[in-house]
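Working notes, beginning with the structure itself.
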Amino acid sequence: MHAREEAREDQSAPESLRHRHLLGLSTYDADEIQLILRTAREFRSVLDRPIRRVPTLRDVAVVNLFFEPSTRTRISFELAEKRLSAETVNFSVSGSSVSKGETLKDTARNIEAMKVDMVVIRHRSPGAAVFLTRCVDAVVINAGDGAHEHPTQALLDLLTLTEIHPSLEGRNISIVGDIAHSRVARSNIYGLQALGAHVTLCAPSTMTPVGIEEMGVRVTDRLDEALEGCDVAMALRVQLERQGAMLFPGVREYHERFGITLEHMERHPDLRIMHPGPVNRGVELAGDVVDHERAVILDQVTNGVAVRMAVLYLLADRGAEPAS
Ligand code: CP
C-alpha cells in the first residue's frame, strides 16, 4: 500500500495539524483530513449525550465575522464554539462600522485588539481569509470566500460520505450544478481526491470553469452520464445572486436537464443525494428528492457542528482530549 493510501485508511490516534489556519483544503493532505474526521466522529458522539458541552476551549475567544448571509455555517460555528465552552462574539455587516466604510483590515485589527484568539470569516471576495492572516495574529478559519473555497463544508460532506461508505477509495462522486460559482465544489474536489474518490462534474458548459479537467476530474454536461455508476450525487444550488447574467435559458429548463428527480432515484436504487443548502426546491432537486430517505441533507447539517468543533479544537491546539 502506498503511503498516501495508508494515510487514507489510518485509524490511529489523533496527532496535530501541520497548518495553523484552515483557509482551504487545497493544501491539506489525507493525513490531516483524516485527523479532522476522526476528531469530528468523537465530537459527534458528544453531541448525542444529554450534556453536550465540554470545557475544551474555555477562555478561548472566537469572533465570527460574517460579511455575507449564512444560516447553516454561522449557526453551526456558533453552536460548535458554545459546545466547546469558547467565548463567542458574532459580527455582521449591518450594524457594524463596515457600513460606514471601514476596511476589512481595519475591522479585523480592531477586533483583534480586543484579544481575540480565533477568527471565523465568511466574505464575498476570494482570498479574504488568506488576506486576514496577513492582518492579524489570530488563527483564521475560512467559512466561505467568494467562489474560492468552503473547507468546513467539504469536511462535513466527507464526514457524511464516510458514514455511508467508510472508505472513499475508488468511490464515484458526482457534483452536479453551478460549478463555476461554487466554493463548495472546489473544496470537495480537493478533499474527495485526497481520500481517493473519483470525481465527476456535471453542469451546463456556461457553469463549467474552463480547464477544470486539469484538476483530474471527469466533466460532462449529461446528467444521465454523471449518475451512471455514481455512489453519491452532490447537487449544488444555482447561485442566481452571483451570476451577472442568466447562464441558462430559465429555471424550468435547468431542472429538465440537470434537476435530480424521483425517476432518477428509482433508476439508481443505491444512489444517495447530498446538497450543501440552501436548496432551491424544484430546481437542482425535485421536492420529493429533498425529502427522500436516500437524501442525507440534514445529516450533513448535523455533522457540520461536529466538524466545526473538531476544526476549532485542533486549530486552538490546547492539547486536551476532545471529549473530556
Ligand atoms: N452550506 C452553506 O454554506 O450554507 P449557509 O450559506 O446557510 O451557511
So if I check each of Met118, Met114, which one is of a type outside the set (Val, Ile, Thr) and within 21 Å of the chain's Cα centre (by Cα)?
Met118
If I ask for residues that are more than 18 Å from Glu163 (Cβ to Cβ) and not aliphatic (A, V, I, L, M), which ones from the stretch 22-49 would you list?
Gly24, Ser26, Thr27, Tyr28, Asp29, Asp31, Glu32, Arg49
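Residues checked against (1) surrounded by 17 or more Cβ atoms within 10 Å (Cβ to Cβ); (2) assigned to a helix (DSSP H, G or I); (3) in contact (Cβ under 8 Å) with a residue 40 or more places away in the chain:
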{"site": "Ile189", "(1), (2), (3)": "yes, yes, no"}
{"site": "Val199", "(1), (2), (3)": "yes, no, no"}
{"site": "Val219", "(1), (2), (3)": "yes, no, no"}
{"site": "Ala233", "(1), (2), (3)": "yes, no, yes"}
Here's a check for you: in the stretch 66-87, which residue that is of a type in the set (S, T, N, Q) and modelled with pLDDT of 95 or more is farthest from Val140 (Cα to Cα)?
Ser85
Any idea how many residues of the stretch 166-187 are in contact (Cβ under 8 Å) with a residue 12 or more places away in the chain, open to solvent by 30 Å² or more (accessible area, probe 1.4 Å) and more than 16 Å from the ligand (Cβ to nearest atom)?
6
Find the strands (runs of 3 or more DSSP E) located wholly in the stretch 74-164 whose residues include 1 or more that are within 16 Å of the ligand (Cβ to nearest atom) and surrounded by fewer than 17 Cβ atoms within 10 Å (Cβ to Cβ), and list them.
87-92
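The values are calculated or read from the model by the stated rules, or taken from the named source; none is laboratory data. Not measured: the values here are computed from a predicted model. For neighbour counting, all protein chains shown are included, and Cβ atoms are generated from backbone atoms with ideal geometry for every residue, glycine included. Side chains are part of the model used for accessible areas, which takes the heavy atoms of the whole protein and leaves out ligands, DNA and RNA. Shrake-Rupley method; radii C 1.70, N 1.55, O 1.52, S 1.80 Å.
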